[in-house]
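Working notes, structure below.
Bear in mind these aren't lab numbers, they're just calculated from the coordinates by the rules spelled out. Computed from a predicted model, the values in this text were never measured in an experiment. Here the Cβ positions follow ideal geometry from the backbone for every residue, glycine too, while neighbour counts run over all protein chains shown.
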Amino acid sequence: MQRKVARISQELTRNISGWQEIEAIVLGEAAEIKTLDPYFNINLDVYHNGSLIPGNDRRERLASPLAFETAPAYPEDRFLMEDLPVRVRYQDTARFDLLLERIHDRLWVYREYGTITFYRLQKGQVLYTKSPWLETTQQRLAELPEHFWTSVVVSSRALVTYYLNDLNAAVYREDNLFYRLASAGFLRALCCFLFAHNRRFEPSGRMLYQKVMELPKLPDEFSGRFESFLRVGEGSSPGRKREIAELLAKSILAMT
């Protein structure tokens, strides 16, 4: 990790870990990217017990950083430290405990946003932990029951078919906006299926292309077809991409 990034991360950790309700702090992969890359940011997942202090109070405790903004509906603070972008996501530990209980009881419901929340908790660099909660939760994630993965595989594969139908309809209607929406949904569901088939959690969208290409189990001819579907320019008409999407969909249906 770059020295400046490491120093700012440590400074933030010393500050935030002093808040009474904080349980653990984890640094995401985006901090490993070069600082001039537009995908770079110092992204911290801060796990807390109980109620979180209000945004204005958090700003004061963070020494009133520049360009501070907060999202009240889904607690997240964004600001600048020494001209570097910082994103702090606040996660309630009770939410993860409930999710894992529902998975164990076969009550967990698949959502289109996939398993990224689990990915960050499992793969991030641990900067601070107050109790065994984080280690215990990571261990539980490493030992998820097979019915969880089966549920994600079945649900995401169904979504692939759903979005393929939308894609076909949009091409026939020459509806460019719906075509793009259906294409995005198709790609998201396709990647979700492939990660679940490999029994792995999904990374953020910024890391998705790299990570999906590194999966050990992919359909035959996946790389070429995937690249063709993503290609922009000559030879990438909606009609041609619809044909490629159909081939991709058929290829995952053959995976067991």
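Structure data summary
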item	result
For the chain, size of Cβ-based charge dipole, Lys and Arg +1, Asp and Glu -1, in debye	260 debye
Karplus (6.51, -1.76, 1.60) ³J(HN,Hα), θ = phi - 60°, over the stretch 18-29, in Hz, Gly and Pro reported as x	x, 6, 4, 7, 7, 9, 7, 9, 10, 9, x, 5
Net charge over other residues, Cβ less than 12 angstrom from the Cβ of Glu69 (K, R count +1; D, E count -1)	+2
Extreme residue, positive dipole direction of the chain, given options Gln125, Thr256, Val109 (C-beta unit charges)	Thr256
Amide H contacts of His48 (H built 1.01 Å from N, under 5 Å, at least 5 apart or other chain)	Glu23, Gln91, Asp92, Thr93
Integer Hz, Karplus 6.51/-1.76/1.60 couplings in order for the stretch 72-81, x for Gly and Pro	x, 5, 10, x, 7, 10, 10, 6, 10, 10
Relative contact order of the chain, defined on C-alpha pairs under 8 angstrom at six or more residues apart (%)	16 percent
Charge dipole (the stretch 146-253, unit charges on Cβ, about Cα centre) - positive-most of Gln210, Leu167, Pro238	Gln210
Net charge of Cβ neighbours under 11 Å - reference Lys241; Lys, Arg +1; Asp, Glu -1	+3
Cubic angstrom per residue, convex hull over Cα atoms of the chain	151 Å³
Amide H partners (placed H, <5 Å) of Met81, local residues excluded	Val86
Residues with amide H under 5 Å from that of Ser17, placed H, sequence gap 5 or more	none
Size of electric dipole in the stretch 146-253: Cβ of Lys, Arg +1 and of Asp, Glu -1, about Cα centre, debye, nearest 20	180 debye
